[in-house]
Amino acid sequence: MPLADKLHKNLRRIFLGPTDLPQACDLALHCPQTEVGVWLHGMGEPQDVTARHSVACAAPFMFCIGFENKQDLEKHRKSRLYLRFCERQNRGKLLGEIGLRAGTVFSAEGLQLCLFQTTSCTNFCLPRPRLWAHYLNHVYKQWKDRKTDEVHPSLLDGRCNTVTFICPRPVVLVSVLDGHYGSIFPMNLMGTVGRNYFAFALNSKKQAAHLVAQLGQLTVSNIPFDRSAVARSLGKNHYQQSIDWEKLPFRTQRSRILQIPVPEFALRVRELKVESALPLGSHTFFVARILGEEVLCHSPEFCMIHGLYEARRRSIRLSAVSPS
């Protein structure tokens, strides 16, 4: 091992201690998850937007939130707005906060969808010295991997990603097909945004984004936790224009409306028609109408959280079993 890497490893062990976890940690949860709520502050009374927001872009980091048409968004363009990530239990303890600035607003069948740019970010999961140690470690890793990294987030973007994944995010498998031409790949930047609409973001440099924009219809399959390894193995398909469906490591069945292949182990299948695709930076943001939804099984789903939040969860579990 090179001396610089060995030094970094030893320093990381000293400064990160028991919080030295992967940035992305797997979690089995029944959906919708009830651990963390996401609240919008600054537009009158705080609004619970847990089930009506989506990440829209990673660099620059942006959100999309859906509102009913009666909400007057224009008057809040200069307001100080925040997304607050709070525990559902433990008296609603604040875990993270992201400052927002309202941007583009567009309509979708009785909804207003607003894009928000991020302006600040604070994480309360760990003590400040531990957090800064993690931030410095992340900067080092970014520098080391700078030649191969496809997305170049700013420091603020990276911190916003950390706080965003305090809220458990399902990992789904997306299927697209036109004749024998199509693909299946994992995705986790997404969310319902109100009424009958679903939004998601795909890396603009990868083939998956171009394929979805080209074909315009897709299925989104929630999957059981014990299939997480299978989902990861399909990550390479983000780079493929089309795949050989016969070589998948599982059997598929056709979705009810669009007749697109979905995993036979899917827990829930949404069938979507893309209505808009917006290039925003590192990612293309898609808004799609839900054509149909089928719940096939109730089981813990494959979700992901950030390692800093997992470190907090572990410390709480340890304190709960420690003798008084």
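The values are calculated or read from the model by the stated rules, or taken from the named source; none is laboratory data. These figures come from a predicted structure and were not determined experimentally. Every residue, glycine among them, receives a Cβ derived from its backbone with ideal geometry; neighbour counts consider all protein chains shown.
Remarks
- His134 vs. criteria part of a helix (DSSP H, G or I), at pLDDT below 90 and buried (at least 22 other Cβ atoms within 10 Å of the Cβ): yes
- Meets criteria (at pLDDT 95 or above, more than 28 Å from Lys205 (Cβ to Cβ) and touching a Phe, Trp or Tyr at 6+ places or on another chain (Cβ under 6 Å)) for Pro300: yes
- Only one of the listed residues (Leu95, Leu113) is at pLDDT 85 or above, in contact with a strand residue (DSSP E or B) (Cβ under 6 Å, 6 or more places away or on another chain), within 24 Å of Glu35 (Cβ to Cβ) and in the same structural domain as Arg77 (by TED's automatic domain parsing). That residue is Leu95.
- Of the residues screened, Ser276 is one that is surrounded by fewer than 16 Cβ atoms within 10 Å (Cβ to Cβ), within 23 Å of Val55 (Cα to Cα) and not charged (D, E, K, R).
- Of the candidates Gln259, Gln214, the single residue that is outside any strand (DSSP E or B), at positive phi and over 21 Å from the mean Cα position of the chain (by Cα) is Gln259.
- Taking the stretch 279-297 as the range and being within 11 Å of Asn196 (Cα to Cα) and crowded, with 23+ Cβ neighbours inside 10 Å as the test, the residues that pass are Val287, Ala288.
- Residue within the stretch 239-246 that is crowded, with 20+ Cβ neighbours inside 10 Å and more than 16 Å from the chain's Cα centre (by Cα) present: no
- Restricting the stretch 193-221 to residues that are touching a Gly at 6+ places or on another chain (Cβ under 8 Å) and of a type in the set (Ser, Thr, Tyr) leaves a set whose member that is surrounded by the fewest Cβ atoms within 10 Å (Cβ to Cβ) is Ser204.
- Residues of the stretch 217-240 that turn out to be part of a helix (DSSP H, G or I) and either among the polar types (S, T, N, Q) or free of Cβ contacts under 8 Å to residues at least 40 places away in the same chain (or both), as a count: 8
- Residue within the stretch 231-252 that is among the aliphatic types (A, V, I, L, M) and over 30 Å from Glu35 (Cα atoms) present: yes
- Scanning the stretch 190-210 for residues that are within 15 Å of Asn161 (Cα to Cα) and of a type in the set (S, T, N, Q) yields one hit, Asn203.
- Any pair with Cβ under 9 angstrom, 6 or more apart, that starts in the stretch 22-51 at a residue that is on the phi > 0 side of the Ramachandran plot and ends at one that is assigned to a loop (DSSP other than H, G, I, E, B): Gly42/Ser79; Gly42/Arg80
- When we screen Leu278, Leu318, Leu308 for residues that are at pLDDT 95 or above and aliphatic (A, V, I, L, M), the only hit is Leu278.
- Scanning the stretch 55-85 for residues that are among the hydrophobic types (A, V, I, L, M, F, W, C), more than 26 Å from Glu109 (Cα to Cα) and surrounded by fewer than 23 Cβ atoms within 10 Å (Cβ to Cβ) yields Ala58, Ala59.
- Across the stretch 24-80, the number of residues qualifying as farther than 25 Å from Arg159 by Cβ, at pLDDT 90 or above and assigned to a strand (DSSP E or B) comes to 2.
- If the condition is being farther than 24 Å from Gln33 by Cα and of a type outside the set (Ser, Thr, Tyr), then the stretch 71-92 contributes Gln71, Asp72, Leu73, Glu74, Lys75, His76, Arg77, Lys78, Arg80, Leu81.
- So Phe85, is it outside any helix (DSSP H, G or I), within 24 Å of Met187 (Cβ to Cβ) and either of a type in the set (Ser, Thr, Tyr) or at pLDDT 95 or above (or both): yes
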